[in-house]
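The values are calculated or read from the model by the stated rules, or taken from the named source; none is laboratory data. What you see is a predicted model; the values in this text were computed from it and never measured. No Cβ is skipped: glycine too gets one built from the backbone with ideal geometry, and neighbour counts run over all protein chains shown.
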Amino acid sequence: MTRTPDIASGRLNDTALAVNFSDAHPPLTKEQAVVEADRCFFCYDAPCTEACPTGIDIPKFIRGIATGNMRGSARTILESNILGGSCARVCPTEILCEEKCVHNTREEGHPIRIGALQRHATDWQMDHGGQPFTRAPETGRRIAVVGAGPAGLACAHRLAMHGHDVVLLDAHDHAGGLNEYGVAAYKLAGDFAQQEVAFLMEIGGITFKGGQKLGRDFSLSDLRRDYDAVFLGMGLAGVRALGIEGETLEGVQDAVTFIENVRSRDKKTVPVGRRVVVIGGGNTAVDAAVQARRLGAEEVTLVYRRGHEQMSATPVEREWAQTNDVTVRLWSSPVRIVEEDGALAGVEFSRGAATGDGRATYDAQDTFIVPADMVLKAVGQLFVADPVSGDSILVEGGRIVVDGSYRTTMEGVYAGGDCTVGEDLTVAAVRDGRDAAEAMHLALCAAPVSGVPA
Ligand code: SF4
C-alpha cells in the first residue's frame, strides 16, 4: 500500500495565522522615534551613509524626525531610495548602516535603529503626503522596463520623473517582484508591497503590464524595435537542484515556490508538512523554515552543509530561526531523499567535518536520516539566460555583464539588480535601477528623438 506523507493545509485557525503572520517588527510610535532620533550624533561624513548602497543621507533624515520635519525626512530618504519603505523592513541593516553606526564603539554599544526610523518617516509620507516628486515635462521617449521588482520599479520611477514614458513588464500578475512574492510575509506584512507600488506609480507615466514574460510573450528585439531603450531587471527566475535521488517525490519542492504560495494565497490554504526539512543556509532557507513553522508544522529542521560562519543568512536571521523553534543542523550534506512505500519519508545526510578553511569533507559511511513529510530546497537561485540567448547580450558566470553605466553588450539595453553581478540585496537592486535610469536619461538626452512608434 502506498503511504502518503502528512502534508495538509489549515493546520492552524485564522486567529493563530493572523498572529503568526503579523508584522515581525512593529513600527515605532512617534514618541519612540523622536527619542531614538535624539540619540543620533548627526555625524559629519557619517559612516552609516557610506554603508548604505543607495547612499541615503541618514543623519539628515534622522534630524528631520528629531525636529518634527517629517516631510523633509521622508523626502531625503525617497530621493535616494524610492523603495525606502520596503528596504526599511527587509534590509539587513545590522550588516549595513547600523553596523557602521559610531554608537557601536561606545560603552552602551547600541547602534541607532536606522531601519526603524526610516520606516517611521516613509510610512508617514505614504500616510500623509503621497508621492512627493513630480514629473518633468514629457520627453516623448518610450522605455521598456522588464521586471517589476525593486530594480525595475526604481528604474521606472526615476525615468518617469525625468519625463519619459515607461512600460513596465512582468511575468507575474502584480508588480513588486521579491517584495510581493519572495520574502517572508511577516517582513512585509499585509499588502504593504502593493501599497508601495501604488505610491510609486503616483508619479505618473508608468504603465504596468502583468503576465508578460520575456521570451514567451515578447522578445528583446521586439522591445528594441518599439522602444527608445530597454532596462532588464528580471532577477533570478531559476532555482538550483540538489541533484540527488528522490528529488522528484511528492512533497519535495523549492523554497521559492513555497514562499510565493505563502505570500500570494490565503495562508489557510497553503499545504505544509507535519515534519519539514529545509536544505540551505541563506535568508530564503530561513524564511521558508520559519514560515513552515508558523503555518503549523510540528517540526522544522534547517540543514546546512557548512557552519554558522559560512551561512549567507545574517546572524539576525539565524537567531530568528532559532527563536522560532527551527532546529538548525550544520556540517551535513544531503545524500538522498528517502522513499518508503512509494512516498517521501525523510532526507539522508552525510556528516561533514570542517577542514579549517571554511570547507568540509563528508564521510559517505557516516550518515543520518531526518524524517520529513515535506522537503524545501533553498540551495540557490539562478539567472535564466534563455530569454536573452540569441541576442547579443553577454552573460558570464551566470549573470548579465554590464559596464559602469549599466549598459549591456546590446546597444540601447541596460540591466541591473540580481540578473547582473552584484550583492543580491534589495537595496542594491534599487540603486542599480535608479543609476541605470540616470545613465539611460543622459544617453537619451544626447540622442535625437527618433519617431518611436506610438
Ligand atoms: Fe547617527 Fe550613527 Fe549615523 Fe552617526 S553613524 S549619523 S550616530 S546613525
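Considering only segment 351-386, how many residues are closer than 22 Å to Glu247 by Cβ, under 31 Å from the mean Cα position of the chain (by Cα) and either modelled with pLDDT of 90 or more or surrounded by 15 or more Cβ atoms within 10 Å (Cβ to Cβ) (or both)? Result for segment 351-386: 17. Would you check if Gly238 is surrounded by 15 or more Cβ atoms within 10 Å (Cβ to Cβ) and either not charged (D, E, K, R) or not assigned by TED's automatic domain parsing to the domain that holds Asp341 (or both)? It is true that Gly238 is surrounded by 15 or more Cβ atoms within 10 Å (Cβ to Cβ) and either not charged (D, E, K, R) or not assigned by TED's automatic domain parsing to the domain that holds Asp341 (or both).
Of all residues assigned to segment 125-148, none qualifies as being within 14 Å of the ligand (Cβ to nearest atom), more than 30 Å from Leu220 (Cβ to Cβ) and either at pLDDT 95 or above or touching a strand residue (DSSP E or B) at 6+ places or on another chain (Cβ under 6 Å) (or both).
Scanning segment 290-329 for residues that are assigned to a helix (DSSP H, G or I), at pLDDT below 95 and among the basic types (Lys, Arg) returns a single hit, Arg318. For the criterion of being part of a loop (DSSP other than H, G, I, E, B) and under 30 Å from Asp341 (Cβ atoms), Leu242 passes.
In segment 275-289, the residues that are assigned to a strand (DSSP E or B) and buried (at least 24 other Cβ atoms within 10 Å of the Cβ) reach residues that are of a type in the set (S, T, N, Q) and at pLDDT 95 or above with C-beta atoms within less than 8 angstrom, at least six apart or across chains, in these pairs: Val276/Thr301; Val277/Thr301; Val278/Thr301.
In segment 76-83, is there at least one residue being surrounded by 14 or more Cβ atoms within 10 Å (Cβ to Cβ), closer than 26 Å to Tyr186 by Cα, among the acidic types (Asp, Glu) and at pLDDT 95 or above? No, the conditions are met nowhere in segment 76-83. Would it be correct to say that Val328 is touching a Leu at 6+ places or on another chain (Cβ under 6 Å), crowded, with 20+ Cβ neighbours inside 10 Å and under 30 Å from Pro92 (Cβ atoms)? Answer is yes for this residue.
In this structure, Gly115 does not qualify as assigned by TED's automatic domain parsing to the domain that holds Thr54, within 16 Å of the ligand (Cβ to nearest atom), of a type in the set (Gly, Ala, Ser) and crowded, with 24+ Cβ neighbours inside 10 Å. Among the residues of segment 388-423, which ones are in a loop (DSSP other than H, G, I, E, B) and crowded, with 17+ Cβ neighbours inside 10 Å? Selection gives Ile393, Val402, Tyr406, Thr408, Met410, Gly412, Gly416, Gly422. Looking at Val379, Val384, Val375, just one residue is out of contact with any helix residue (DSSP H, G or I) (no Cβ under 7 Å at 6 or more places or on another chain) and in a strand (DSSP E or B), and that residue is Val375.
When the residues of segment 125-142 are filtered to those that are in a helix (DSSP H, G or I) and in contact (Cβ under 8 Å) with a residue 12 or more places away in the chain, the one that is surrounded by the fewest Cβ atoms within 10 Å (Cβ to Cβ) is His128. Could you tell me whether Thr122 is more than 10 Å from the ligand (Cβ to nearest atom) and part of a helix (DSSP H, G or I)? So Thr122 fits the description; yes. Considering segment 14-67, the qualifying helices (runs of 4 or more DSSP H), each wholly inside and each with 1 or more residues that are at pLDDT 95 or above and within 13 Å of the ligand (Cβ to nearest atom), run over 30-38, 47-51, 58-66. Taking the stated definitions as given, is Glu94 surrounded by fewer than 16 Cβ atoms within 10 Å (Cβ to Cβ) and in contact with a Pro (Cβ under 9 Å, 6 or more places away or on another chain)? Yes, satisfied. Every residue in segment 68-101 that is within 14 Å of the ligand (Cβ to nearest atom) and over 15 Å from Ala116 (Cα atoms), please. Thr76, Lys100, listed by residue number.
Scanning segment 331-350 for residues that are in a strand (DSSP E or B) and either over 18 Å from Thr367 (Cα atoms) or in contact with a Leu (Cβ under 8 Å, 6 or more places away or on another chain) (or both) returns Pro334, Ile337, Val338, Glu339, Ala343, Leu344.
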